[in-house]
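For reference, the structure is listed below as structure tokens.
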Amino acid sequence: MEQFYIPTGYKSELDIRETQRAIKSVKDHFERQLAKKLNLTRVSAPLFVKPESGLNDNLNGVEEPVSFKVGNNDIEIVHSLAKWKRIALSKYNLRLHSGLYTDMNAIRKDECLDEIHSIYVDQWDWEMVIEEKDRNIDFLKNIVTKIYNVLRETEIYLQNDWSQRNPVCTHLPPGSPSPQTGIVHRDMYSRAI
């Protein structure tokens, strides 16, 4: 296993219990606001799938999924929900400009470990039903702006709610910069070549 480090001088200002309460509070607030702004419904995601289902993404093609047997069946722990989300949109009969979100849990045994990466994955994932005509920069900017606003609202919530409980939270950095600049994937690709 690769070695990871904690930045020099790092010290948590909250004890372990308060840290967990703060994480839960922030996650719950963000989740509710994101669902409201993007018209998303929370659904449960699979933790594992059969390899032959084709639902487990191979990520970059190098990582191998954690696998095990249940009876005579081979099972893999999910790496990514990209394929599953698209099927779930149809399964849940979600309408245009609505979608789903989930809290994905996974194990990525080949992950490169550092202070922000672990073999255990706990991440949000979401998907929205859109039309072909929505596949444009203006629509994307609108969605990004909504997500950015939810992040800002969550920052304000953290400052207001948690500064009452723990004075340390009053020392958060000032507001995040506004999203003035965006770059499209194909532009990044063309600049790299």
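I'd like the accessible area for R86, computed on protein heavy atoms only with a 1.4 Å probe and all protein chains in place. Round to 10 Å², please.
140
Once the Cβ-Cβ distance between Y148 and H97 is put in as r, and R0 is 22 Å, what FRET efficiency do you end up with, to the nearest 0.05? List each step's numbers first, then the result.
Details: r = 18 Å, r/R0 = 0.83.
Calculated transfer efficiency: 0.75.
For the full complex of protein chains and a 1.4 angstrom probe, list L47, L34 by accessible area with the highest value first.
Largest accessible area first, the list is L47, L34.
Using a 1.4 Å probe, how large is the accessible area of I107, given in Å² and rounded to the nearest 10?
Spelled out: I107, probe radius 1.4 Å, area about 60 Å².
Is any residue of the range 123-137 close enough, with backbone N under 14 Å, to a label point placed 7 angstrom from the Cα of T41 along the Cα-Cβ axis, and if so, which?
Counting only backbone N, you get 127-129.
In the range 148-163, whose amide N lies under 20 Å from the spot 7 Å out along Cα-to-Cβ of R21? List them in ranges.
Output list for this probe position: 155-163.
Pairs to check: K83/K146; K27/K133; K69/K109; K85/K133; K24/K91; K50/K109. Give those whose C-alpha atoms are more than 22 Å from each other in this structure.
Among K83/K146; K27/K133; K69/K109; K85/K133; K24/K91; K50/K109, the Cα-Cα distance tops 22 Å for K83/K146; K27/K133; K24/K91.
Would the range 100-160 count as rounded, prolate or oblate if I go by the C-alpha gyration tensor, calling it rounded below 1.5 in a/c and otherwise prolate when a/b exceeds b/c, oblate otherwise?
Oblate.
Rank these by accessible area, largest first, 1.4 Å probe: F30, F68.
In descending accessible area the options line up as F68, F30.
How long is the gain from D110 to E63 if the chain were fully straight, where each residue apart is worth 0.36 nm and the alpha carbon distance is subtracted?
That works out to 16.4 nm of additional length.
Would you report the distance distribution of C-alpha pairs in the range 20-103 as whole percents per 5 angstrom bin, up to the bin with the largest distance?
In order of increasing distance, the bins hold 3, 13, 19, 17, 17, 15, 12, 5, 1 percent.
The values are calculated or read from the model by the stated rules, or taken from the named source; none is laboratory data. Note that the structure is a prediction, hence the values are computed from the model and not measured. Glycine gets a Cβ as well: all are built from the backbone with ideal geometry, and neighbour counts include every protein chain shown. The accessibility values were calculated without ligands, DNA or RNA, using every heavy atom of the protein model including side chains. Shrake-Rupley method; radii C 1.70, N 1.55, O 1.52, S 1.80 Å.
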